[in-house]
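J.: First the structure, then my questions, so here it is.
The values are calculated or read from the model by the stated rules, or taken from the named source; none is laboratory data. Here the structure is a predicted model, which means the values were calculated and not measured. Don't worry about glycine lacking a Cβ; one is built from the backbone with ideal geometry, like all the others, and counts go over all protein chains shown. Heavy atoms of the whole protein, side chains included, go into the accessibility calculation; ligands, DNA and RNA do not. Shrake-Rupley method; radii C 1.70, N 1.55, O 1.52, S 1.80 Å.
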Amino acid sequence: MAKTTKQTEEQKLKLLYKLQVIDSTIDEIKTLRGELPLQVKELEDEINEFDSKISKIKEEVERLNQAISDRKNQIVESEDKITKYEKQQNTVKNNREFDSLSKEIEFQKLEVELSEKRIKEYKEKIKLEKEKTKEVKVLLKDKKAELKEKKNELDEITGETKIEEDKLLKESDAIIEKIDEKLSNKYTSIRNNVRNGLAIAPIDRGACGGCHNKIPPQIQLDIATRKKIISCEHCGRIIVDALLADEIN
Ligand SMILES: [Zn+2]
């Protein structure tokens, strides 16, 4: 595409200023949306965190319930053994066998006691975990309500301005296509470096429209000829004469 070869400096300045006007309007729309997109994103992240916290707690409760049921099975097994050993004690031939069975019975009784103790501990833990879930769920509910509100707000603003913004973005792209890449890069770089996104500033009562520093009269004349692209020596913005700005607007 023959972008620049036939463009005069004046045409380049006009394209740049046109681009600036469009981009500034897009900036205004974005300001209108303000922090909302970021706030929505942050709330979504927080909600995800709460969700994963809740599912982790759920997993922990499942693990504890499984441990309880294992312990209960062990108790049944131990009780079966105890019954069996007690029966065997009735048929033993000597004291030694009887004592050895008594020891086994004692051991199984201790096992049952231990399991009962553990079950109690696990149940306590489950209670704590469930309380934690309750707390997180309350927070989650608040965050979800907040998110809904912010999203509605954002949708409303976006809905009102979406069509206009899309149109402007297309116009901005179309103009950038017409501008020499080096120059459009310069434009973007100035825009990114200044506070108000203004890379092309019209002269305002003898001063730079961006930083309000006075421009020497000779340079003002040079700017008015539109034969050169001139940057403000203070802020680096490209300066155009006030008439050019009026012609575009
Ligand atoms: Zn300046």
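J.: Looking only at the range 15-49, count how many residues are open to solvent by 100 Å² or more (accessible area, probe 1.4 Å), assigned to a helix (DSSP H, G or I) and not basic (Lys, Arg).
T.: Number of matching residues: 4.
Yes/no matrix, rows are residues, columns are (1) open to solvent by 40 Å² or more (accessible area, probe 1.4 Å); (2) over 24 Å from Ile26 (Cβ atoms); (3) not assigned by TED's automatic domain parsing to the domain that holds Glu49:
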{"position": "Ile157", "(1), (2), (3)": "no, no, no"}
{"position": "Asn192", "(1), (2), (3)": "yes, no, yes"}
{"position": "Asn196", "(1), (2), (3)": "yes, no, yes"}
{"position": "Lys214", "(1), (2), (3)": "yes, yes, yes"}
{"position": "Leu244", "(1), (2), (3)": "no, no, yes"}
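J.: Answer yes if at least one residue in the range 204-212 is loosely packed, with under 11 Cβ neighbours inside 10 Å and on the phi > 0 side of the Ramachandran plot, and no otherwise. Steps first, please.
T.: Keep residues of the range 204-212 that are loosely packed, with under 11 Cβ neighbours inside 10 Å, which gives 205.
Then keep just the ones that are on the phi > 0 side of the Ramachandran plot; that gives 205.
Looking through the range 204-212, at least one residue is loosely packed, with under 11 Cβ neighbours inside 10 Å and on the phi > 0 side of the Ramachandran plot.
J.: Suppose we filter Glu113, Glu106, Glu135 for residues that are under 56 Å from the mean Cα position of the chain (by Cα), without any contact (Cβ under 8 Å) to a residue 24 or more places away in the chain, over 24 Å from Ile57 (Cβ atoms) and open to solvent by 60 Å² or more (accessible area, probe 1.4 Å); which single one remains? So that I can check it myself, show each step before the final result.
T.: Working: Glu106 fails: under 56 Å from the mean Cα position of the chain (by Cα); Glu135 fails: over 24 Å from Ile57 (Cβ atoms).
When all the criteria are applied, what remains is Glu113.
J.: Another question about this same structure. Out of curiosity, is Asp70 surrounded by 12 or more Cβ atoms within 10 Å (Cβ to Cβ), more than 30 Å from Ser172 (Cβ to Cβ), at pLDDT 95 or above and of a type outside the set (Phe, Trp, Tyr)? Let's see the steps before the verdict.
T.: Details: surrounded by 12 or more Cβ atoms within 10 Å (Cβ to Cβ): yes; more than 30 Å from Ser172 (Cβ to Cβ): yes; at pLDDT 95 or above: yes; of a type outside the set (Phe, Trp, Tyr): yes.
It is true that Asp70 is surrounded by 12 or more Cβ atoms within 10 Å (Cβ to Cβ), more than 30 Å from Ser172 (Cβ to Cβ), at pLDDT 95 or above and of a type outside the set (Phe, Trp, Tyr).
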